[in-house]
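Just so you know, all these numbers are worked out from the coordinates, no wet-lab data involved. None of these values were measured; they are calculated from a predicted model. Please note: Cβ atoms are built from the backbone with ideal geometry, for glycine as well, and neighbour counts cover all protein chains shown.
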Ligand code: AMP
Ligand code: GLY
């Protein structure tokens, strides 16, 4: 029987999920709440955090499976509420989503399972944090404890900068997220993300992805939600994957089961591959953005049965196939992002796409009379596949050139580290 699906969120990740689910032979009706201009044929005007309205909608439309994109509704407990009402939903419960919702919680799980990560301390007040930083010295990393859309992290190379970061977080530059602060040792190496489907017991890793977090070429500038991705990074090996699954992913899920808050959905581990081996930078409790764009571009299997199996502890029965191609996603952002940026910029999109290319919408809206306009910081995720990384990059940047968005800020070096 065909299944009615509701996707929650409005980013590039959700457009990619909608694009992929729309290809499923098992799909009934598709809805995206609230979606963006890329998903406009499926959009429902309900905000991602309005759990009550989403629940009422899902009940009324006989939604068979809800797929949650962003972290906020997960941390607010949307999965718990839907399940209590007899609805099937893909994602972790509120308790399990704390792996992303609180960096101090995540660190406590890593310590319990002896998972390799940066040395850390959490503080609730500024002065003890400052004292600790003075003692440890720079470089170090200062993080707001709670959700901050990937922006609540300051990598401080100088002591002064680290002390200033404490003040900024405590003064509430990141909203409530900053009521607690985590100070970490700086890890060095290649950064890579491994996202895994899990039903709480079984783990199916997706293809590994390298994101580009900083705003500017050469990994300069501020941290952002992610300026571009490619998969797979050339340094990733079967042995590295085995080690990450054995020393990080499996122990994380075991601790979550032991605490009676099993984790289901997508467990995203952000890793630094250091000289001593892989160490965890962070967990996310959901698909990444813009990781999902390149992952789904390479997913050969139907995604719907995979998501479904995760909700009924049947993931071990599922076979997942991936394309060999390399995929690259270049984010085109509004000028100014990740700081203050303009909205409502007109966008002209190419009327046809090359076979290996796809433009995923993120912060876009459709205005009668004007057409596509920007409505957020990260506006488009221009994605392409190729047989080699060089070919995929070339395709992606050629497609970027075809987009009418001359003010766009984007990085020219997405995937470049993979060629070196
Ligand atoms: P997070 O939100 O914790 O992943 O941090 C965002 C980004 O900050 C990461 O993707 C890294 O690029 C950087 N980062 C976070 N923690 C560390 C660390 N301990 N050492 C070096 N870089 C870090
Ligand atoms: N691109 C990083 C994230 O989704 O958290």
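Per q in 0.11, 0.21 Å⁻¹, report the Debye log10 I(q)/I(0) for segment 220-297, using one uniform scatterer on each alpha carbon and no solvent.
One equal scatterer on each Cα of segment 220-297 leads to -0.35, -1.19.
Taking only the alpha-carbon atoms of segment 200-359, what semi-axes of the equivalent ellipsoid follow from 5 times the gyration tensor eigenvalues under a square root, in whole Å, largest first? Intermediate values should be presented prior to the final figure.
On the way: eigenvalues 176, 85, 55 Å².
The equivalent ellipsoid of segment 200-359 has semi-axes of 30, 21, 17 Å.
Rounded, prolate or oblate for segment 274-369? Axes are the square roots of the Cα gyration tensor eigenvalues, ordered a ≥ b ≥ c, and the cut-off for rounded is a/c under 1.5.
Values: a/c = 1.98, a/b = 1.46, b/c = 1.35.
In terms of gyration-tensor shape, prolate.
With no solvent and one equal point scatterer placed on each C-alpha of segment 318-420, evaluate the Debye formula and give log10 I(q)/I(0) for q = 0.17, 0.19 Å⁻¹, two decimals.
The Debye formula, applied to the Cα set alone, gives -0.78, -0.92.
State the antiparallel share, in %, of DSSP beta bridges confined to segment 1-157, rounding to the nearest 5.
Working: 4 of 17 bridges.
Antiparallel bridges: around 25 percent, rounded to the nearest 5.
Give the order of 15, 212, 409 when sorted by the count of other beta carbons within 10 angstrom, beginning with the fewest.
409, 212, 15
For the chain, give the share of DSSP beta bridges that are antiparallel, in percent and rounded to the nearest 5; count only bridges with both residues there.
80 percent
Find the Rg to Rh ratio for segment 177-272, where Rh is the Kirkwood radius over alpha-carbon pairs and Rg uses the same atoms.
On the way: Rg = 15.2 Å, Rh = 15.1 Å.
Taking Rg over the Kirkwood Rh, I get 1.00.
Return the calculated 222 nm mean residue ellipticity for the chain, to the nearest 500 deg cm²/dmol, obtained by summing -39500 (n - 2.57) across DSSP H runs with n ≥ 4 and dividing by the residue count. List each step's numbers first, then the result.
On the way: 14 runs with 119 residues, N = 420.
Using -39500 (n - 2.57) per qualifying helix, the result is -8000 deg cm²/dmol.
Give the relative contact order (percent, whole number) for the chain; include only Cα pairs under 8 Å separated by 6+ residues. Kindly include the intermediate steps, with their values, before the conclusion.
Details: 972 pairs, mean separation 68.6, N = 420.
Across the chain, relative contact order equals 16 percent.
If we sort 123-136, 367-380 on the protection proxy, mean other Cβ atoms within 10 Å, highest first, what's the order?
Details: 123-136: 14.9, 367-380: 18.6.
Going by the mean number of other Cβ atoms within 10 Å, highest first, we get 367-380, 123-136.
Once a ≥ b ≥ c are taken as the square roots of the eigenvalues of the Cα gyration tensor of segment 338-384, is the result rounded (a/c under 1.5), prolate (a/b larger than b/c) or oblate (a/b not larger than b/c)?
Working: a/c = 3.20, a/b = 1.38, b/c = 2.32.
Taking the square roots of the gyration eigenvalues as a ≥ b ≥ c, segment 338-384 is oblate.
I need the P(r) histogram for the chain: all alpha carbon pairs, bin width 10 Å from 0 out to the longest distance, whole percents.
Computed distribution, short to long bins: 5, 22, 33, 28, 11, 1, 0.
Which of 48, 60, 156 moves the most in a Gaussian network model of the chain with Cα springs under 10 Å?
For the chain, modelled as a Gaussian network with Cα springs under 10 Å, the answer is 60.
Does segment 323-363 classify as rounded, prolate or oblate by the C-alpha gyration tensor (a ≥ b ≥ c root eigenvalues; a/c under 1.5 gives rounded; else a/b over b/c gives prolate, otherwise oblate)? Please report the intermediate quantities before stating the final value.
Details: a/c = 4.28, a/b = 1.70, b/c = 2.52.
Because a/c hits 1.5 or more and a/b fails to exceed b/c, segment 323-363 counts as oblate.
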